[in-house]
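A quick write-up on the structure given underneath.
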Amino acid sequence: FESQLDSIFANPTPGWIAEKLERLTTKIGSGATPRGGEDSYKTEGISLVRSLNVHDLGFKYSKLAFIDDQQANELANVTVQRGDVLVNITGASVARCCVVPDEVLPARVNQHVSILRPMSQILDSHFLHYALISNRHKTRLLGIGADGGSTRQAITKAQLQDFTVDIPPTLDEQTSIVRSLDSYLEETRRLESIYQAKIATLDE
């Protein structure tokens, strides 16, 4: 899967457009931790997405935090919407990326996660996700993070706005690539499951 992914984005097809994220999105921004920190989290309510939930190729539900309506209102400017791409912008997990699952909504993000909201008429969310986790763009994002300071990796809003990605000019081309990569990913995971089962049998 990784080989197929990188082959697509390492050498963009002639006709693809190089554009800054600022011109491809309607929102780029991160949130905050509610007052009181983890002690203020609830057992249910509105999801608060943290960096530990955001992983390449998928959202991890383990340790998903929740906040109440009042806390959520204080973070209204970072309301997560369907199709938003989430990117970790600080710490050891900097540059990890996924598309938010519908099941997580309604949701907010804390200060370690940035929302990228693609303009739906020109950029497919899942295409952007695949682009950002490809080796070419991931390496560039990690390079930005490494410049954030010797003690803490960080990517700023301005750096995300200025970050350039190559995209096909039409949504049809983008979604066609997404369907192909989805198929490769599904097959890869199927094979992985089979071999894990074989390893478990051999262990027994």
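The values are calculated or read from the model by the stated rules, or taken from the named source; none is laboratory data. This one's a predicted model, so the numbers in the text were calculated from it and none came from an experiment. Cβ atoms come from the backbone with ideal geometry, glycine included; neighbour counts cover every protein chain shown. With ligands, DNA and RNA removed, areas are computed over all heavy atoms of the protein, side chains included. Shrake-Rupley method; radii C 1.70, N 1.55, O 1.52, S 1.80 Å.
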field: Residue list for segment 153-165, filter: assigned to a helix (DSSP H, G or I) and farther than 30 Å from ASP68 by Cβ
entry: ALA158, GLN159, GLN161, ASP162
- prompt: So which of ILE122, ILE115 is open to solvent by 50 Å² or more (accessible area, probe 1.4 Å), touching a residue at least 24 places away in the same chain (Cβ under 8 Å) and within 17 Å of GLN161 (Cα to Cα)?
  reply: ILE122
task: Could you list, in sequence order, all residues of segment 85-112 that are touching a Phe, Trp or Tyr at 6+ places or on another chain (Cβ under 9 Å), closer than 16 Å to LYS27 by Cβ and open to solvent by less than 10 Å² (accessible area, probe 1.4 Å)?
output: LEU86, VAL100
task: Report yes if ARG35 is over 29 Å from GLU186 (Cβ atoms), surrounded by fewer than 14 Cβ atoms within 10 Å (Cβ to Cβ) and touching an Asp or Glu at 6+ places or on another chain (Cβ under 9 Å), otherwise no.
output: yes
- line: Picked from segment 149-179 (must be open to solvent by less than 100 Å² (accessible area, probe 1.4 Å) and free of Cβ contacts under 8 Å to residues at least 12 places away in the same chain), the residue nearest to ALA32 (Cα to Cα) is ALA158
task: Quickly run through segment 39-54 and pick out the residues that are outside any strand (DSSP E or B) and surrounded by 11 or more Cβ atoms within 10 Å (Cβ to Cβ).
output: SER40, TYR41, GLY45, ARG50, SER51, LEU52, ASN53
query: Here are some conditions: (1) within 19 Å of LEU142 (Cα to Cα); (2) outside any strand (DSSP E or B); (3) not hydrophobic (A, V, I, L, M, F, W, C). GLY29 meets all but one. Which one does it not meet?
result: (2)
Considering residues of segment 1-29 that are open to solvent by 50 Å² or more (accessible area, probe 1.4 Å) and among the polar types (S, T, N, Q) only, the residue modelled with the highest pLDDT: THR26
- line: When GLN71 is run through (1) closer than 23 Å to HIS129 by Cβ; (2) touching a Pro at 6+ places or on another chain (Cβ under 6 Å); (3) of a type outside the set (Phe, Trp, Tyr), the failure sits at (1)
statement: Residue pairs qualifying under the 6 Å Cβ cut-off, at least six apart or on distinct chains, with the first in segment 1-15 being of a type in the set (S, T, N, Q) and the second being surrounded by 12 or more Cβ atoms within 10 Å (Cβ to Cβ), are GLN4/TYR184
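Each row is one residue, and each column tells you yes or no for (1) at pLDDT below 95; (2) over 14 Å from the mean Cα position of the chain (by Cα); (3) in a helix (DSSP H, G or I).
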residue	(1), (2), (3)
SER114	no, no, no
ARG117	no, no, no
TYR130	no, no, yes
ARG136	yes, yes, yes
ARG140	yes, yes, yes
ILE144	yes, yes, yes
THR151	yes, yes, no
GLU173	no, yes, yes
ARG179	no, yes, yes
task: Could you please find all residues in segment 66-82 being out of contact with any strand residue (DSSP E or B) (no Cβ under 7 Å at 6 or more places or on another chain) and open to solvent by less than 50 Å² (accessible area, probe 1.4 Å)?
output: GLN71
